[in-house]
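Structure record follows, encoded as structure tokens.
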Amino acid sequence: MFRTSDGLRTAYGRWKILSRPKKRLGNILLERSPKINSALIILAVLILSSPAVAQSWEEYSYPDYAFSVDFPAKPLVENKTHQVAVNRSVPARVYSVRQNSSELKVTIADLANTGLDETSVIDYAIKTQSAGGEVTFNIPQRIDSVYGRSVGIRRGDGSRSMIGVFDYHGRLYQVEAKALPGRSDAAAETLRFHQSLAFTDGGSNRSEDTIRAYRQACPDTIGPPAGFDDPRCPGNARK
């Protein structure tokens, strides 16, 4: 799904949300597979446009960290440490809300002076978050001009998570939306939260040449591709 000013745009077409929240939806690519199809996209549109999803949610903006995100309640803000590599922990700021049906969290970890490259940081984040679970998808994600990965995880206890990870401005941005087991209402909350992350400074973590190369490799996509392995690219134009 691609963020638009009036709803969701997908590889299957455009679906207008009639009762959408005031904030634009986030940007996630859905893999074309039997598991993720047009029926699921229609369901996502219905979930996100329902009054129950919009009720009590607010946008929380954090200019010092150049991002905003929607929460259903005022988040708890904590200063912690976060492990970004084997035997390597860094200062982090965590914003979280726990409800009966879901756990919603954004972690901002300081990567300055770590010497870690983007691929290492994101791969390690995905590895640690998916430990003990099954990765159901791992695809590129683009929020405006900031590029990262989106991952789905299913765990043995019945819980499911959607995670977005980005290396931007010397920080790891990690959004985690966990649907707790046995709660039918969790899907709407986790999808809304995962899709709400936005970067507010207008910057990018890719050069103009790299973005141009993405577009040249995937010339027929609806909206700019999220990377060479964008599922919409012919044969996934990996480099």
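Every number here is computed from the coordinates shown, using simple stated rules; none is lab data. Quantities reported herein were computed from a predicted structural model and do not represent experimental measurements. So basically every Cβ, Gly included, is an ideal-geometry build from the backbone, and we count neighbours across all protein chains shown.
Some notes on this structure:
- Given R0 = 35 Å, the distance between the Cβ atoms of Lys127 and Thr200 translates into a calculated FRET efficiency of 0.75.
- Shape call, the range 116-184: gyration tensor on alpha carbons, a/c limit 1.5: prolate
- Seen from Thr221, the other residues with C-beta closer than 9 Å to its C-beta sum to a net charge of 0, counting Lys and Arg as +1 and Asp and Glu as -1.
- Relative protection proxy for 171-182, 79-90, 153-164, 223-234, from highest mean packing down: 171-182, 223-234, 153-164, 79-90 (other beta-carbon atoms within 10 angstrom).
- Between Glu134 and Ser56, the simple label model (points 7 Å from Cα in the Cβ direction) yields a spacing of 3.2 nm.
- Between Arg154 and Ile211, the modelled labels are 3.6 nm apart [label points 7 Å from Cα along Cα→Cβ].
- With 0.36 nm allotted per residue and the present C-alpha distance subtracted, the Gln99-Ala112 stretch has 1.4 nm of extension available.
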